[in-house]
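Colleague: Below are the structure tokens for one structure; questions will follow.
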Amino acid sequence: MKKLIAINGSPRRNWNTAELLNHAVNGARDAGADAEIVHLYALKNFKGCTSCFACKLKTRPHGTCAMKDDLSPVLEKISAADAVIFGSPIYFMNLSAGMLAFLERLLFSNYIYSDEVPTVFPKKMPNAFIYTMNMTPRHFDQFGMSARLGMMEVFAGKILGVAPKILRVYDTVQFKDYSRYESSIFDGDAKLAHREAHFAEDCANAYDIGRTLVTQ
Ligand SMILES: Cc1cc2nc3c(=O)[nH]c(=O)nc-3n(C[C@H](O)[C@H](O)[C@H](O)COP(=O)(O)O)c2cc1C
């Protein structure tokens, strides 16, 4: 049976990113795969890459991160899986800090400074990035986000051996009740209307990604 791991890079376990990942997991399960979500921020103790370079030593097997913390079992799970989804909110025009730390550990430990064998990841792994953000598509283009996020997508594609599928979910609802928060740059009612109009389709797209990753 195939296995899909969905990584939630939002600290919130029940909000936009998590909900989309739940749909992706359901898609994978409906296609006959085993699937689970890992909530990064539920892990008590983990860091990004500490630049120890153990993964580049000639005397040590490549492809494993030498750091031992709560990410270690997650990284092992991914090596044993058949597909992976990286779900992240956009924070300050980038992936969340937790997701960046996770990707540093996963990708750098499987990346070799060699033109002949740049990746030592043991298989070609279908993968996807699911992003959620306040930005509208217009803002996304205006701030050159495609190129910004594209760099990590290229590394993931090269190291995991398959170009990622991408789902961008724009203009998300951030609070249940906008009137309780200092947030005059947003129109809470318009946000809720946008969610009503689009979020079900976003979830359906996430479902399709989950299904496709384990059937391709
Ligand atoms: C620390 C922080 C920084 C954020 N920065 C941005 C940003 O630069 N651009 C953006 O579009 N949204 C930004 N957001 C909004 C989130 O990306 C958005 O609400 C996202 O859907 C949250 O995901 P979640 O509901 O799964 O937690 C930020 C939110 C937080 C908490």
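Colleague: If I take every Cα pair under 8 Å that is 6 or more residues apart in the range 3-215, average their sequence separation and divide by the length, what percent do I get for the relative contact order? Working shown, then result.
Modeller: Numbers: 364 pairs, mean separation 59.6, N = 213.
Worked out over the range 3-215, it gives 28 percent.
Colleague: Turning to a different aspect of this structure: Less than 15 Å Cβ to Cβ from Ala81, Lys/Arg counted +1 and Asp/Glu -1: what total charge do the surrounding residues give? Before the final figure, lay out the partial values.
Modeller: On the way: positive: Lys2, Lys3, Arg29, Lys77, Lys123, Lys124; negative: Asp34, Glu36, Glu76, Asp82.
With Lys, Arg at +1 and Asp, Glu at -1, the net is +2.
Colleague: What residue among Phe143, Ile90, Pro73 has its Cα farthest toward the positive end of the dipole of the range 3-215, where the charges are +1 on Lys, Arg and -1 on Asp, Glu, each on the Cβ?
Modeller: Pro73
Colleague: What does the charge count near Cys65 come to, summing +1 for each Lys or Arg and -1 for each Asp or Glu among other residues with Cβ under 12 Å from its Cβ?
Modeller: Values: positive: Lys47, Lys56, Arg60, Lys68, Arg105; negative: Asp69, Glu76, Glu104.
Counting the neighbours of Cys65, the net charge comes to +2.
Colleague: Pull up the cross-link candidates among the lysines for Lys77, meaning alpha carbon to alpha carbon under 17 Å and not fewer than 8 places away within one chain.
Modeller: List returned: Lys2, Lys3, Lys68, Lys123, Lys124.
Colleague: Continuing with this model, one more query. At most 15 other C-beta atoms within 10 Å and a DSSP loop state: those are the exposed trypsin sites (Lys or Arg not before Pro) I care about. Give me the longest piece of the chain that has none.
Modeller: Numbers: sites that count: Arg12, Arg13, Lys44, Lys47, Lys58, Lys68, Lys123, Lys124, Lys176.
Between the exposed loop sites, the longest stretch runs 69-122.
Colleague: Count charges around Glu36 for me, please; just the other residues with Cβ under 14 Å from its Cβ, Lys/Arg as +1, Asp/Glu as -1.
Modeller: Working: positive: Lys2, Lys3, Arg13, Arg29, Lys77; negative: Asp34, Glu76, Asp82.
Once all neighbours under 14 Å are counted, the net charge is +2.
Colleague: Along its three principal axes, how long is the chain when you only count alpha carbons? Whole Å, largest extent first please.
Modeller: Here the spans come out as 59, 37, 33 Å, largest first.
Colleague: Something else about it: Give a quick list of chymotrypsin sites (Phe, Trp or Tyr not before Pro) in the range 127-210 that DSSP marks as loop, anything other than H, G, I, E or B, with at most 16 other Cβ atoms within 10 Å. Before the final figure, lay out the partial values.
Modeller: Values: sites: Phe129, Tyr131, Phe140, Phe143, Phe155, Tyr170, Phe175, Tyr178, Tyr181, Phe186, Phe199, Tyr207; in loops: Phe143, Tyr170, Phe175, Tyr181, Phe186.
Here the chymotrypsin sites (Phe, Trp or Tyr not before Pro) that fit, given the DSSP loop and packing criteria, are Phe143, Phe175, Tyr181, Phe186.
Colleague: In whole Hz, with x marking every Gly and Pro, tabulate ³J(HN,Hα) for the range 45-59 from phi via Karplus 6.51 cos²θ - 1.76 cosθ + 1.60, θ = phi - 60°.
Modeller: For the range 45-59, the Karplus curve yields 9, 7, 10, x, 4, 9, 6, 6, 6, 4, 6, 9, 5, 6, 8 Hz.
Colleague: Whose amide H sits under 5 Å from the amide H of Thr119, counting only residues 5 or more places off or on another chain, with H placed in the peptide plane?
Modeller: Ile112
Colleague: I would also like to ask the following. Between Asn205, Val173, Ala163, whose Cα lies farthest towards the positive end of the dipole of the range 155-216 when Lys and Arg beta carbons carry +1 and Asp and Glu beta carbons carry -1, centred on the Cα centre?
Modeller: Ala163
Colleague: Counting other beta carbons within 10 Å of each residue's own, what order do Glu19, Glu201, Glu116, Glu36 fall into, fewest first? The partial results should precede the final answer.
Modeller: On the way: Glu19 20, Glu201 10, Glu116 5, Glu36 13.
By the 10 Å Cβ count, ascending, the order reads Glu116, Glu201, Glu36, Glu19.
Colleague: So, in Å, what gap is there between the alpha-carbon centers of the range 139-213 and the range 94-132?
Modeller: Computed from Cα coordinates, the inter-centre distance equals 20 Å.
Colleague: Follow-up question, since we're still on this one. Could you give the size of the charge dipole of the chain about its Cα centre, using +1 on the Cβ of each K and R and -1 on the Cβ of each D and E, expressed in debye and rounded to the nearest 20? Don't skip to the end; give the middle numbers.
Modeller: Working: 25 positive and 22 negative charges, 157 e Å.
Charge dipole of the chain: 760 debye, to the nearest 20.
Coordinate-derived values only; no laboratory data. Bear in mind that the values here come from a model prediction, so they are computed numbers and not experimental data. Neighbour counts run over all protein chains shown; Cβ positions are idealised from the backbone, glycine included.
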